[in-house]
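The values are calculated or read from the model by the stated rules, or taken from the named source; none is laboratory data. Quick caveat: nothing in here was measured; it's all calculated off a predicted structure. In this analysis, Cβ positions are derived from the backbone assuming ideal geometry, glycine residues included, and neighbour counts consider all displayed protein chains.
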């Protein structure tokens, strides 16, 4: 899948808010959104009023950036959410939250979703005792996500777990001693703390 390779801080500046793509840097004075709170490029400081379509598109792009997924994959998630019972927008966010890289981030094994994705793709993570190196793997209630035994000496993961100040969401249960976490249930809309207006995404795709 094609992935954005340029400076990640430019994504946050384009959306006009922190997407927490660079971990600790996002909480420091070095954060680009704090230092230069305008869009990148030579016309970045010009204010322009977005159309209804533009507002919906920016919401979709922002949500894709939060979770680090491409257009084709995001469209697939939307179609899956549309076919499920319930509210499509909330179903979409629930699917995105169920991605393995997001769960690794939510448990505090990674300081950011990009770092959590790297931990998964480099073979550091197991689900129910089996190595899984696919970041888009969707977890289910009852799944146990853990650092593999042979990778538990990883100093980065150890430091992340010990220094993590982010609360673990209620739908997950963290076992720091064993470097593992259990999926108690799937995330509800109230569990998702991201500033996303999912109804705008639904309106965009339903045009």
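Some points to look at:
- If the condition is being surrounded by fewer than 17 Cβ atoms within 10 Å (Cβ to Cβ) and in contact (Cβ under 8 Å) with a residue 24 or more places away in the chain, then segment 127-137 contributes only 134.
- Every residue from segment 133-156 that is in a loop (DSSP other than H, G, I, E, B) and either in contact with a helix residue (DSSP H, G or I) (Cβ under 6 Å, 6 or more places away or on another chain) or not assigned by TED's automatic domain parsing to the domain that holds residue 115 (or both): 133, 135, 137, 139
- Selection status of residue 124, in contact (Cβ under 8 Å) with a residue 40 or more places away in the chain and touching a helix residue (DSSP H, G or I) at 6+ places or on another chain (Cβ under 9 Å): no
- Scanning segment 89-119 for residues that are over 20 Å from residue 63 (Cβ atoms) and modelled with pLDDT of 95 or more, we see that the one that is surrounded by the fewest Cβ atoms within 10 Å (Cβ to Cβ) is 118.
- Selected residue (only one of 66, 74 is modelled with pLDDT of 95 or more, outside any loop (DSSP other than H, G, I, E, B) and out of contact with any strand residue (DSSP E or B) (no Cβ under 6 Å at 6 or more places or on another chain)): 74
- Residue list for segment 66-86, restricted to those being free of Cβ contacts under 8 Å to residues at least 12 places away in the same chain and closer than 17 Å to residue 188 by Cβ: 84, 85, 86
- Residue count for segment 157-203, restricted to those that are touching a residue at least 24 places away in the same chain (Cβ under 8 Å) and assigned to a helix (DSSP H, G or I): 11
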